[in-house]
Amino acid sequence: MDITIDHDRCIGAGQCALVAPGVFDQRDEDGLAVLLVERPDGEQRAAVREAAESCPLSAISVREDRQPAA
């Protein structure tokens with residue numbers, strides 16, 4: 001899972017930090033989102049997806065890992 005935060009779109013609403021506090025936080029100086037964990041574990045992945053969906057300006061992008069071909 002690759003997570004990207006577009007800081008040009010982020011307004012510091014804080015939904016990501018509320019939904020997935022182990023993965024996201026907010027900068028003290030401006031409230032913009034910061035990524036705490038670049039590769040979240042299995043238990044955090046659902047929360048990361050929910051955080052991306054709850055972002056009011058869609059500033060968080062999530063790209064799932066590609067599964068190797070069988």
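Assorted remarks:
- Here the scattering of segment 9-70 is modelled by Debye summation over its C-alpha atoms, one equal scatterer each and no solvent; at q = 0.30 Å⁻¹ the log10 of I(q)/I(0) is -1.39.
- Given R0 = 22 Å, the distance between the Cβ atoms of Asp25 and Glu64 translates into a calculated FRET efficiency of 0.45.
- Based on protein heavy atoms only, the chain ends up with 67 Å² per residue of surface accessible to a 1.4 Å probe.
- For Gln26, residues with placed amide H under 5 Å, excluding near neighbours: Val34
- CD proxy at 222 nm, helix term only [per DSSP H run n ≥ 4: -39500 (n - 2.57); per residue of the chain; nearest 500]: -7500 deg cm²/dmol
- Exposure of Arg45 as accessible area (Å², to 10), given a probe of 1.4 Å and all protein chains: 60
- The GNM of the chain, with springs linking C-alpha atoms under 10 angstrom apart, assigns the highest mean-square fluctuation among Gly14, Gly42, Gly22 to Gly42.
The values are calculated or read from the model by the stated rules, or taken from the named source; none is laboratory data. Bear in mind that the values here come from a model prediction, so they are computed numbers and not experimental data. Heads up, the Cβs are rebuilt from the backbone with ideal geometry, glycines too, and the neighbour counts pull from every protein chain shown. Ligands, DNA and RNA are stripped out before the accessible areas are found, and what is left, the full protein with its side chains, is counted by its heavy atoms. Shrake-Rupley method; radii C 1.70, N 1.55, O 1.52, S 1.80 Å.
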